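Structure record follows, encoded as structure tokens.
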Amino acid sequence: MSSPPHQENTSPDSKDEESRHLLTAPLPQSTSPLINGDADDGEEEFAYGSGEKIHVVEFDSVPIDGVDYSTVPPFSWKKLWQFTGPGFLMSIAFLDPGNLEGDLQAGAIAGYSLLWLLLWATVMGLMIQLLSARIGVATGRHLAELCREEYPRWAGLLLWFMAEVALIGADIQEVIGSAIAIKILSRGVLPLWAGVLITASDCFLLLVLENYGIRKLEAVFAVLISTMALSFAWMFGDAKPNGKELLAGLLIPKLSSRTVRQAVGVVGCVIMPHNVFLHSALVQSREIDLKKKGHVQEALNYYSIESSFALLISFMINLFVTTVFAKGFYGSEQAGSLGLVNAGQFLQDKYGGGLFPILYIWGIGLLAAGQSSTITGTYAGQFIMGGFLDLRLKKWLRALITRSCAIMPTIIVALIFNRSESSLDVLNEWLNVLQSIQIPFALIPLLTLVSKEDIMGTFKIGPTLERVAWTIAVLVMVINGYLLLDFFVSEVNGLLFAFLVCAGTAGYIAFILYLISHGGGNVANWFNLLRTKGYDYAGQ
């Protein structure tokens, strides 16, 4: 591997040229072969190669002499624009077909009453994603790489397996959502399995886009998000929801026993395990000199602003979908039977054709959601596989492997579903449970690593933020635990199956406790102290 740029160019001219840049390429921070391997052995496993990163430049009007790199440079709209992008790719997970189905069912069954929960769930999701961005910016490595280095090999492999399972489950939902949209827009000419094959080819689209640079890829996602926003805003305008009820739903917390399941779904859809890993890698697409603390903090500030704005847009889109179905179907006979496959036809029957049939508006928005989320899923799969396994595969090969892991089960699901639409509800329940099971294996490593000083340095989170983050994580895990318990109570039948579920649950809880105790920070110290006192009490 060649020497870093600052070691190669030592002349005054080269130094002057370097000083004109705000951020320079980061120095390798790890002795892992992942970072320092020979290029001849294969493509190096950086999240982004040095030639792929976006260079953020300094204004010429800013004086160079006497610059204090330990302080944060003044705010600049131009720099904010240059840092804008990763947050919007991250926000796609808040807009995938699974989320849209949760939105429409919450609106149809609970009306406007769960809008406040949607708002606060988005705020909680934002905080988790900001921590993910923080660990990626401050360390120069993404979460999957850090997990491989910080945990024993057996634990790292188990975390990788859990992340891959979660990614495959999410991918199935996203690909099926796109296939449903293609079926709607083709007026039923293309069956689900054909839509699955069309959607599966998006990994090649990703590879083409990557060749043109990360900025081009981000622009494509901006178009897809804009398409969703316009489609669902159009539906929102056609539905003309009640403004007072909408505002009351946002500001007044309300929860009834018959809407608990929808409330759990709203919260459970917010934090996607693969998205936690993804965001920590996406933020490395901009050059940041980790030696200059002021520049690191500046990057964190800009990423916080753009992520907040991106999730505000995603919240508005989710709000549009929820309120459209709340206005049209709350209290109706169809409320309990709504799903992605029949929602468009129900909308068409309720609101009519209009200037442009609402069925196709729904199909366009759903297609944009499905296509964008499947591409980000492929993207996340590359980072997860490469980071955990320390692979040096070329990007096209990693993308192909990642996509292939989900295609076969998705095609099988599509063939089954093409014969029986009622199977979609059962499928989504199982996939939601699968996602819920995996959430602790993304949240716990993130929160333990981001609070360790030997990893984060001065950018580790403080005690107050650590307690708030763990409170959010525990709340999300408890809510998803309720979903799991409710599901297994209704679905588990037979003594042998019950025994296997109990045994699996015991191992699951044991691994969660291991992850908590292994990490540093106040929570791990408190947990270990509590465990020690428990042993002492048992010994007496």
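Annotation: peptides 432-440, 448-456, ranked by per-residue average of other Cβ atoms within 10 Å with the highest first, follow the order 432-440, 448-456. A cut-off under 11 angstrom between Cβ atoms defines the neighbours of Lys452, and their net charge, with Lys, Arg +1 and Asp, Glu -1, is -3.
For segment 100-233, averaging the sequence separation of C-alpha pairs within contact (under 8 Å, six or more residues apart) and dividing by the residue count gives a relative contact order of 9 percent. For segment 163-244, the set of trypsin sites (Lys or Arg not before Pro) satisfying both a DSSP loop assignment and a count of at most 13 other C-beta atoms within 10 Å is given as Arg187.
Shape verdict for segment 106-189, please, from the Cα gyration tensor: rounded (a/c under 1.5), prolate (a/b greater than b/c) or oblate. Since a/c reaches 1.5 but b/c is at least a/b, the shape of segment 106-189 is classed as oblate. Classify segment 325-392 as rounded, prolate or oblate from the Cα gyration tensor: take a ≥ b ≥ c as the square roots of its eigenvalues, call it rounded if a/c is under 1.5, otherwise prolate when a/b beats b/c and oblate if not. It is prolate, given that a/c is not under 1.5 and a/b is the larger ratio. Applying both filters, DSSP loop and at most 13 other Cβ atoms within 10 Å, to the chymotrypsin sites (Phe, Trp or Tyr not before Pro) of segment 131-226 gives Tyr212.
Would you please give the residues with an amide H less than 5 Å from that of Arg286, counting only those at least 5 places away or on a separate chain, with H modeled from the backbone geometry? Distant-sequence amide H within range of Arg286: Ile54. Per the Kirkwood formula applied to alpha carbons, segment 225-329 shows a radius of gyration over Rh ratio, Rg over Rh, of 1.09. Segment 204-287: percent of C-alpha pairs farther apart than 17 Å? Of the Cα pairs, 73 percent sit more than 17 Å apart.
Bear in mind that the values in this text are calculations on the coordinates, not laboratory data. Predicted model only: the values in this text are computed from it and were never measured. In this analysis, Cβ positions are derived from the backbone assuming ideal geometry, glycine residues included, and neighbour counts consider all displayed protein chains.
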